[in-house]
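Step one of this worksheet: look at the structure below.
The values are calculated or read from the model by the stated rules, or taken from the named source; none is laboratory data. Here the structure is a predicted model, which is why all the values come from computation and not from measurement. Backbone-built Cβ (ideal geometry, glycine too); neighbour counts: all protein chains shown. Note: accessible area is taken over every heavy atom of the protein model, side chains too, but ligands, DNA and RNA are not part of it. Shrake-Rupley method; radii C 1.70, N 1.55, O 1.52, S 1.80 Å.
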Amino acid sequence: MSRQHILDVEDVFSTDMEGKYVSLRGWVHRKMSVGGKIFIWLRDPTGVVQCVVDKSAVSKELWVRAQEITRESSIEISGIVRRDARAPGGFEVFVRDLKVYNIAEPFVIKGNEDVDFLLDNRHLWIRSRKLTTIMKVKHTVLEAAREWLIENGWWEVTPPILTASACEGGATLFEVKYFDKKAYLSQSAQLYLEALIFSLGKVWSLTPSFRAEKSRTRRHLAEYWHLELEAAWYDMEDMMKVAEELVSYIVGVVLDKRWRELEFLNRDLSKLEPALKTPYPRITYTEAIERLKKKNFKIEWGDDLGADEERALTEDFETPFFITHFPKKIKAFYMKLDPTNPEVVLGFDMLAPEGYGEIIGGSQREDDYEKLLNRILEEGMNPEDYKWYLDLRRYGSVPHSGFGLGIERLVMWICGLDHIRDAIPFPRFRGRIYP
């Protein structure tokens, strides 16, 4: 049977389909035999439907085939759509024909196995309804981000993944051999995006970024998808406005298109709805330190904020919020110093509520050649490695700003996940490169 005659599972769940003869293709999600009937839950990318094989209504050959199939076997089913309140979704397919493409080997993942087992068998576990649902939400997150950026006049560009120097810091670089030279996997597309603003004005890219961080926390990956924006003539406040409008739009689209998926994940939608309203609250780093001290954290001005500190700060907000004006010593060399206080940068982080923490990091970029050169020297880096980047400040430099959004962290918050590893099909972190 050609593809044009095959329906999606979701098409079955309509009163218009009742009594009609349909054909479906997919995989056996579950199977159960009761008396003279075999119940098959058929799964395809659109959902799961109950299919009933009645021994008294089919040929002996079909009954044998139905008995032989196992979970994850690939099959094609044809039959009559019937209404049945006991079936998931209220409809089922009364099977009249069954074609088997492949009988899966006996192997069952229940989902309650230990984490390493599920990660070792990730190529099979991604078929679970949970991970399938998360990937659908993630698709819509990316779709919404792209919609907003295009509608608001941003140009998508394609920066390199192999780089000759660090962007965020040498300690987290993945080194690779590049012919007879050393190269590195990109930590961020930012520096290259900055070069493109002089021709395109407002640019963005979606690329993988790589961080060789030693820690294994619930929100860190060694490889993640990075949505990054840079714009000429934008100051820090301009870019914060872009960030909050983008996130608000994404959340709105997900709530509109994927509320069923979120409910399947047991996500409390009321926790996301406040994010639809902008502007988001803003506090300075100094205010954040004061709040943490009141919460009995042993922290001093100049200390970096970790996961515990960010989690505590999110308790004070129902929406995403910004922390601004960080000490320069804990932020990257390219961030512009605050003219009113050169000990802090014109930088910002956006934190998601409910303990999820940072999802965006951004800043106004240093646009003065001498000041940027001095910052590079202060950090002990070789200016020759950044000659081309410094050149941008010699040929028509302008005020400009940008930020990076971690897609998996955003998905983790929107879906209410316990761990970031479930926000990506094949997670990469310390000790995990298979499969």
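At-a-glance table
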item: Any hit, the stretch 176-196, residues being of a type in the set (Asp, Glu) and more than 22 Å from the chain's Cα centre (by Cα); result: yes
item: Test result for residue 9, among the hydrophobic types (A, V, I, L, M, F, W, C) and either open to solvent by 40 Å² or more (accessible area, probe 1.4 Å) or within 31 Å of the chain's Cα centre (by Cα) (or both); result: yes
item: Residue in the stretch 86-107 that is open to solvent by less than 20 Å² (accessible area, probe 1.4 Å), assigned to a loop (DSSP other than H, G, I, E, B), under 21 Å from residue 44 (Cβ atoms) and out of contact with any Lys or Arg (no Cβ under 7 Å at 6 or more places or on another chain) present; result: yes
item: Of all residues in the stretch 12-60 being surrounded by 11 or more Cβ atoms within 10 Å (Cβ to Cβ) and assigned to a helix (DSSP H, G or I), the one that is nearest to the chain's Cα centre (by Cα); result: 12
item: Any pair with Cβ under 9 angstrom, 6 or more apart, that starts in the stretch 138-151 at a residue that is within 22 Å of residue 201 (Cα to Cα) and surrounded by 15 or more Cβ atoms within 10 Å (Cβ to Cβ) and ends at one that is among the acidic types (Asp, Glu) and at pLDDT 95 or above; result: 146/156; 148/245; 149/156
item: Residue within the stretch 316-323 that is surrounded by fewer than 14 Cβ atoms within 10 Å (Cβ to Cβ) and assigned to a loop (DSSP other than H, G, I, E, B) present; result: yes
item: Selection count, the stretch 224-238, where residues are within 18 Å of residue 153 (Cβ to Cβ), open to solvent by 30 Å² or more (accessible area, probe 1.4 Å), of a type outside the set (D, E, K, R) and touching a Ser or Thr at 6+ places or on another chain (Cβ under 8 Å); result: 1
item: Filter result (without any contact (Cβ under 8 Å) to a residue 60 or more places away in the chain and crowded, with 16+ Cβ neighbours inside 10 Å) within the stretch 119-137; result: 125, 128
item: Hits in the stretch 207-219 - residues which are open to solvent by 40 Å² or more (accessible area, probe 1.4 Å) and either of a type outside the set (Lys, Arg) or more than 20 Å from residue 350 (Cα to Cα) (or both); result: 213, 214, 215, 216, 217
item: Scan of the stretch 239-266 for residues that are under 13 Å from residue 415 (Cα atoms), open to solvent by 20 Å² or more (accessible area, probe 1.4 Å), within 16 Å of the chain's Cα centre (by Cα) and touching a residue at least 40 places away in the same chain (Cβ under 8 Å), ordered by number; result: 258, 261, 265
item: Helices (runs of 4 or more DSSP H) fully within the stretch 330-429 counting 1 or more residues that are over 25 Å from residue 241 (Cβ atoms) and touching a residue at least 60 places away in the same chain (Cβ under 8 Å); result: 387-391, 407-415
item: Close pairs (8 angstrom Cβ cut-off, 6 or more residues apart or separate chains): in contact (Cβ under 8 Å) with a residue 24 or more places away in the chain in the stretch 161-186, open to solvent by less than 60 Å² (accessible area, probe 1.4 Å) and among the basic types (Lys, Arg) anywhere; result: 168/211; 172/211
item: Output for the stretch 360-403, where each listed residue is more than 17 Å from residue 230 (Cα to Cα) and either under 26 Å from the mean Cα position of the chain (by Cα) or basic (Lys, Arg) (or both); result: 371, 375, 387, 394
item: Failed item in (1) farther than 24 Å from residue 129 by Cα; (2) in contact (Cβ under 8 Å) with a residue 24 or more places away in the chain, with residue 5 passing the rest; result: (2)
item: Residue match in the stretch 279-287 (condition: in contact (Cβ under 8 Å) with a residue 60 or more places away in the chain, closer than 26 Å to residue 376 by Cβ and either assigned to a helix (DSSP H, G or I) or open to solvent by less than 30 Å² (accessible area, probe 1.4 Å) (or both)); result: no
item: Answer from 365, 428, 394 - the residue that is buried (at least 19 other Cβ atoms within 10 Å of the Cβ) and modelled with pLDDT of 95 or more; result: 365
item: Filter result (β-branched (Val, Ile, Thr) and surrounded by 15 or more Cβ atoms within 10 Å (Cβ to Cβ)) within the stretch 68-85; result: 69, 75, 77, 80, 81
item: Scan of the stretch 85-106 for residues that are farther than 12 Å from residue 51 by Cα and aliphatic (A, V, I, L, M), ordered by number; result: 85, 100, 103, 104
